[in-house]
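Enquirer: Pasting a structure here, questions to come.
We did not get these values from a lab; they are worked out from the coordinates using the rules stated. Since this is a predicted model, take the numbers as computed values, not measurements. Don't worry about glycine lacking a Cβ; one is built from the backbone with ideal geometry, like all the others, and counts go over all protein chains shown.
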Amino acid sequence: MAFPTDLEIARGAALKPLEDIASEMGIGANLLEPRGEEVMKIKLEAIRELADRPTARYVVVSAITPTPLGEGKTTTTVGLGQGFKHIGKRATIAIRQPSMGPTFGIKGGAAGGGYSQVVPMETLNLHLTGDMHAVTAAHNLLAAMIDNHIYQATPSASTSTTSPGGGCSTSTTARCATSSSDWAGGRTGCRARPASTSPPPPRSWRRWP
């Protein structure tokens with residue numbers, strides 16, 4: 001019998017209600033902020049409300065080179081949490097939100113693996129609370145405003161000779177090339193400086209010769 005894949009294990013898992021999990025951690029429902037049925041954020045008020053709790057002990061997992069089967073930091077961290085639970089200890093794990101660049105690249109997801117993974121893995125790897133997408137949108141809005149400011153040759157009080165105004169993305173993309181302007185030299189406009197692997201910028205961009 002073939003061992004099930006990470007995705008098959010994740011989709012076959014029976015998920016407990018998040019309110020029950022938070023209760024086991026000592027976090028009341030009043031401190032939870034739902035993000036759909038599978039994700040909840042903990043409100044900042046929890047820092048003040050839980051300030052009298054005993055200080056916890058930490059086990060930090062870092063700088064592990066994954067095995068050929070993909071057993072790295074996250075898998076080890078989740079496994080440690082499961083191990084503490086198995087011997088009767090109350091443990092909570094904390095991992096960072098994955099970037100979609102490595103997720104869609106050669107690395108793959110960052111939710112652990114096998115029976116030591118965070119579920120639902122698709123939610124963790126691609127969206128979670130949406131905070132990363134909000135930061136991306138805000139950054140790109142500001143970058144677009146800077147590009148338009150330079151493109152329209154709007155007078156500026158800045159004394160800088162160059163002003164970067166590139167976009168950003170949580171996915172690996174050649175679309176986010178850098179741009180610069182030269183006010184000190186008397187030339188205005190937007191010059192694209194794409195990476196060597198990037199496609200040439202659109203012809204609609206104003207570029208210096």
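Enquirer: Where the Cα atoms of region 6-125 are projected onto their three principal axes, how long is each span, largest first, in whole Å?
Expert: Extents along the principal axes, in whole Å: 44, 31, 26.
Enquirer: Could I ask something else about it? Taking N as the number of residues in region 34-76, what is its alpha-carbon radius of gyration divided by 2.2 N^0.38 Å?
Expert: Taking the Cα Rg and dividing by 2.2 N^0.38 Å, one obtains 1.78.
Enquirer: Rg to Rh for region 9-54: what is it, with Cα atoms only and Rh by Kirkwood?
Expert: Using only Cα positions, Rg/Rh for region 9-54 is 1.05.
Enquirer: Treat the count of other C-beta atoms within 10 Å as a stand-in for reagent exposure and order Glu24, Glu71 from fewest to most.
Expert: Lowest count first: Glu24, Glu71.
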